[in-house]
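The values are calculated or read from the model by the stated rules, or taken from the named source; none is laboratory data. Everything numeric here is computed off the predicted structure, so don't read it as measured data. Here the Cβ is made from the backbone with ideal geometry for all residues, glycine too, and neighbour counts use every protein chain on show. Accessible surface is based on the protein model in full, side chains and every heavy atom, while ligands, DNA and RNA are left aside. Shrake-Rupley method; radii C 1.70, N 1.55, O 1.52, S 1.80 Å.
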Amino acid sequence: MGNIKGFLEYDRVDAPVVPEQERICNFQEFHGRLSKEEQQKQAARCMNCGVPFCQAGMMIAGMASGCPLHNLVPELNELVEGGNLDLAYRRLSITHSFPEFTSRVCPALCEKACTCGYHQEAVSTKENEKAIIEYAFSEGLVKELTPKIRTGKKIAVVGSGPSGLAAAQLLNSRGHNVTVFERSDRVGGLLRYGIPNMKLDKSVIDRRVKLMEEAGIEFRTNVNVCGATSTNTSGNVVGSISAEELRKEYDAIVLCCGASHPRDINAPGRDTEGIYFAVDFLGSVTKTLLDNNFDKSSAGVKDIENQVKDKDVIVIGGGDTGNDCVGTCIRLGAKSVTQLEMMPCPPTERLATNPWPEWPRVLKTDYGQEEAIYKFGSDPRVYQTTVKEFISSGKKEKHLKEVVLVSLESKKDEKTGRMMMVPVEGSEKTVPAQLVLIAAGFLGSERYVTDGFGVELDARTNVKTAPGSYAAFSSANAATTTNTVATTTSTTNTDATATNIDTATTKATADSINIATANIDTATTKATADSVNTATANIDTATTKVTADSINTATANTDTATTKATAKIYTAGDMHRGQSLVVWAIAEGRNAAREVDRDLMGYTNL
């Protein structure tokens, strides 16, 4: 803590942003950077608390408080304050895989738990993090670890979103051979096609992926694991690979497919043309922009503009995805944008029932709403409202024309005792709408993947694991548990009835070796033979190399073993915990990587 009075001497100053009237004309990032001197002042506001909740990453009252990655925030702020960004980057990289992502898209859990924020504005930890990582990239400090020695273990990561990338990064650094499978045409998952470019420029993803490839990670795009072969919108063939094929080829499989099953709105007229899931809409816009190099005069970009331009847009959902839809539609020339939120409008300040350091349940006006206020003169959000019916323009041409809105109120369900939002009778209102985007959240992972791998789901349709574990509950994992015993026995006549070797190195060369029972506690055995028949082998801790034309094993009891035919299945990210934040996905991917490494190697140093 270089300046013990920094929080008293300096007010919070945020990085400059491009004004709304300029930024809505393109899809470029609009957050600038503070000068080095000003950034140092902002870091000096850190109080170096005795109990820094900013790095706690704990659940309080059902909500996260502090950074799930447990970044040592006070240490980082002190290094930034002193201008030592080289050491700050090294410190940050110990706990964080991708600060360049979270410093752009994270809602800053660390800041919401900042002690300085109890009486005044919190320390700008998120911008300090961005200053560290962008300095590190500009100075060539960011390098992915390329192992000099490989373990020989092969690991498949299914999904290249934040959790998949984090898991792949750590497992590769340990020396395992990692292959990442992605069904889209580009790496990134949610980062690529779920978050608009003005929020996270896709060159930031490409910059990191290039380093990961150079470090030895293999990325296989256009591969739909457990899916069917198809052709995408660009005309590229999307291949497929089965769960069984992956089990045979890899020693471990990590499922990081996200919570990609969107929640629908089951209202009359749902099949009307002009209604899309928000994540599909955002993905198609980003893909079109990337395919056409952000050229607004290109035919592809004009086609996507025509879907929105001069139309009345209804966005169902008040979360981050809904906000991204608002900002995207404004950039594409929407006539009007209305954002529906089922819940009541939150308070502008913390209530007594929501004390610090809990996550603040307060009104937040994000960039999309700011742009709508500038463009249309009012906040686009309408609270306690949903769609009751979709109305088309005619019986033959089912183009969306209007929607019927209905107000909601909170009532207690007499059967369950829970409070529910129910329609208010007589509150219906018809409004024009030619485009509806459904951003109502997600219902877990897609079933064709979970069914393909035979993994169990919990009550929230997430992949089920034991508490604190990332190994999926599945029949495949049951087959790889320790002490796997085959019950076949043999009672053939043998030359050697029993052999008990405690500590020995044995080399045997023969045309035929018949061993009825072998109990080998600690041994290194090399056998070269035309035919080796082993009736029963109990190998507790052994390194066995057998060279033979024919090896028949009747019974095997292996305490510590992993066979590719039954590769263990793990899961991480939204597929494991449900729809969540990028920072949580990164934390999940890192934790899953440690468990995979420990299971494969017997210990982990990740």
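Tabulated results
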{"item": "Residues (in contact (Cβ under 8 Å) with a residue 60 or more places away in the chain, out of contact with any Leu (no Cβ under 6 Å at 6 or more places or on another chain) and closer than 17 Å to residue 56 by Cα) located in segment 83-120", "result": "102, 106, 107, 109, 112, 113, 114, 115, 116, 117, 118"}
{"item": "Qualifying position, being more than 22 Å from residue 191 (Cα to Cα) and surrounded by fewer than 19 Cβ atoms within 10 Å (Cβ to Cβ), among 83, 32", "result": "83"}
{"item": "Filter pass, residue 76 being in a helix (DSSP H, G or I), buried (at least 20 other Cβ atoms within 10 Å of the Cβ), modelled with pLDDT of 95 or more and of a type outside the set (D, E, K, R)", "result": "yes"}
{"item": "Index of the failed condition, residue 64 passing every other in (1) of a type in the set (A, V, I, L, M, F, W, C); (2) in a loop (DSSP other than H, G, I, E, B); (3) closer than 12 Å to residue 110 by Cα", "result": "(2)"}
{"item": "Pair list, Cβ < 6 Å and 6+ apart or interchain, from segment 417-429 residues that are within 13 Å of residue 343 (Cβ to Cβ) to residues that are part of a loop (DSSP other than H, G, I, E, B)", "result": "420/413; 421/342"}
{"item": "Residue match in segment 366-383 (condition: crowded, with 18+ Cβ neighbours inside 10 Å, over 29 Å from the mean Cα position of the chain (by Cα) and of a type in the set (Phe, Trp, Tyr))", "result": "no"}
{"item": "Meets criteria (in contact (Cβ under 8 Å) with a residue 24 or more places away in the chain, small (Gly, Ala, Ser) and in a loop (DSSP other than H, G, I, E, B)) for residue 327", "result": "no"}
{"item": "Filtered residue count, segment 110-125, keeping only those that are part of a helix (DSSP H, G or I) and more than 20 Å from residue 41 (Cβ to Cβ)", "result": "2"}
{"item": "Residue match in segment 97-109 (condition: closer than 23 Å to residue 591 by Cα, of a type in the set (Ser, Thr, Tyr), part of a loop (DSSP other than H, G, I, E, B) and open to solvent by less than 20 Å² (accessible area, probe 1.4 Å))", "result": "yes"}
{"item": "Single match in 121, 129 (criterion: within 30 Å of residue 260 (Cα to Cα) and out of contact with any Gly (no Cβ under 9 Å at 6 or more places or on another chain))", "result": "129"}
